[in-house]
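Reading through the structure tokens given below for one structure.
Nothing in this text is a laboratory measurement; each read-out follows from the coordinates by a stated rule. Predicted model, so just to flag it, every value in this text is computed and none were measured. Reconstructed Cβ throughout: ideal geometry from the backbone, glycine too, with neighbour counts over all protein chains shown.
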Amino acid sequence: MPLPGRPAGTLAIVGIGPGSRDQMTARALKVIAGADMIIGNDTYLAQLEPLLVGKKVITSTMGQEVERATTAIKLARTHRVAMISGGDAGVYGMAGIVLEVLEHAGLDVPVEVVPGVTAANAAASRVGSPLSGDFAVISLSDLLTPLEVIEQRLEAVFSVGIPVVLYNPKSRGRPHNFLRAVAIARKYLGGDTPVALVKNAYRQGEEIIITTLGGIEAHDRSVDMHTTVIIGGAESRIWRRGADVKGIITPRGYQRKYIY
Ligand code: SAH
């Protein structure tokens, strides 16, 4: 029983992974099953269709994150609300903004952030093991972060030679951010550095291209908002099986200590 004066509802911000049901966590499935109200944008909700039977569903569109957060919090006073976020809810997802709005509202609603497989991990798993050690993640979307700041961050991470994962490689209205990032990478890395373009990982329309930093222009048109780009680091190399290119390996360093 809720205490008098305390909200009766709960709020969960649920990361649902890259797209397929198999990649959702058991906790995400359980929290969605236990919710009576589900909020999310239409692409994600379509993915969850069979899980939504008998629940109130509120569909929102991209770009209305603050409004969505406010609505979710209002409803969570009296309902068990699950707000759906793609990948991980805390990585360029809804968790941050919901917690900020909640803090500002001063509401005592029980809240849970449910983690999910983020695009970096999903994409990496499709091309072998390009992120075996330290790596960095940068979003090229300049909707909330100025382009100069993004460029400074790119300089910093490429300069230390670790693999870099690019989210939102092409923003709406800014189609050139991706090739600007590539130009910065080339200041620090050789043209034979392996690169993976992973589009729609674990969902319909999946497409994987393995190329190099020197050969990337030829594939520029394949890069869009549904693509995660992995630019290898100084030690990354192509992973082959016989003559076939299978993906990318970034050795973690075992080869320096062991014979195998
Ligand atoms: N919260 C999400 C990221 C949202 S930002 C997560 O943790 O994965 C949106 C960007 O994520 C897209 O532009 C794309 O770069 C990447 N992305 C999300 N899902 C993807 C998928 N299934 N395949 C490839 N990239 C994906």
| request: Would you list which aspartates and glutamates come within 19 Å of LYS170, measuring only between C-alpha atoms, while excluding same-chain residues fewer than 8 positions from it? | output: ASP142, GLU148, GLU151, GLU155, GLU206, GLU207, GLU217, ASP220, ASP224
| Taking amide H positions as placed 1.01 Å from N in the peptide plane, with prolines and chain starts having none, which residues 5 or more places from THR10, or on another chain, fall under 5 Å of its amide H? | HIS79, ARG80, VAL81
| request: Take every DSSP beta bridge with both residues inside region 110-260 and express the antiparallel ones as a percent of the total, to the nearest 5. | output: 75
| request: May I ask you to derive the FRET efficiency for LYS187 and ARG241 from their Cβ-Cβ distance with R0 = 35 Å, giving the value to the nearest 0.05? | output: 0.60
| request: Per residue of region 190-206, in order, report the coupling 6.51 cos²θ - 1.76 cosθ + 1.60 (Karplus, θ = phi - 60°) as ³J(HN,Hα) in whole Hz, putting x for Gly and Pro. | output: x, x, 8, 4, x, 9, 10, 10, 10, 9, 6, 4, 6, 8, 4, x, 4
| note | Checked region 93-198 with the C-alpha gyration tensor, a ≥ b ≥ c its square-rooted eigenvalues, rounded below a/c of 1.5, otherwise prolate if a/b is larger than b/c and oblate if not; verdict prolate
| Across bins of 10 angstrom width beginning at 0, how are the C-alpha pair distances of the chain distributed, in whole percent? | 7, 28, 30, 21, 11, 3, 0
| Which one of ILE97, SER141, LEU52 is farthest out on the positive end of the charge dipole of region 1-155, using unit charges on Cβ (Lys, Arg +1; Asp, Glu -1) and the Cα centre as origin? | LEU52
| DSSP bridge pairs, the chain: antiparallel proportion in percent, nearest 5 | 45
| query | Looking only at region 220-249, which residues have a backbone nitrogen under 15 Å from a spot 7 Å from the Cα of ARG172 in the C-beta direction? | reply | 225-226
| For region 26-31, 3J(HN,Hα) per residue [Karplus equation, 6.51 cos²θ - 1.76 cosθ + 1.60, θ = phi - 60°, Hz, x = Gly/Pro] | 4, 5, 4, 4, 5, 5
| Amide H of ASN41: which non-local residues (sequence gap of 5 or more, or other chain) have their own amide H closer than 5 Å, using H built in the peptide plane? | SER60
| said: Relative contact order of region 1-111, please, whole-number percent, based on alpha carbon pairs below 8 angstrom and at least 6 residues apart. | reply: 43
| remark: Computed from the beta carbon distance with a Förster radius of 41 Å, FRET efficiency for LEU179 and ASP108 to the nearest 0.05 stands at 0.30
| Which of PHE178, THR211, TRP239, positive extreme of dipole for region 178-249 (C-beta unit charges) | TRP239
| said: 5 Å is the cut-off here: which amide hydrogens, built 1.01 Å from N in the peptide plane, fall below it relative to SER139, excluding neighbours closer than 5 in sequence? | reply: TYR167
| What shape does region 151-260 take by its C-alpha gyration tensor, where a ≥ b ≥ c are the square roots of the eigenvalues and a/c under 1.5 counts as rounded, a/b above b/c as prolate, and the rest as oblate? | oblate
| query | Per 5 Å bin, what percent of the C-alpha pairs of region 67-111 does each bin hold, from zero upward? | reply | 5, 23, 35, 25, 11, 2
| task | At 7 Å along the Cα-to-beta-carbon direction for both ARG153 and ARG27, put a label point, then send me their distance in nm to one decimal. | result | 2.4
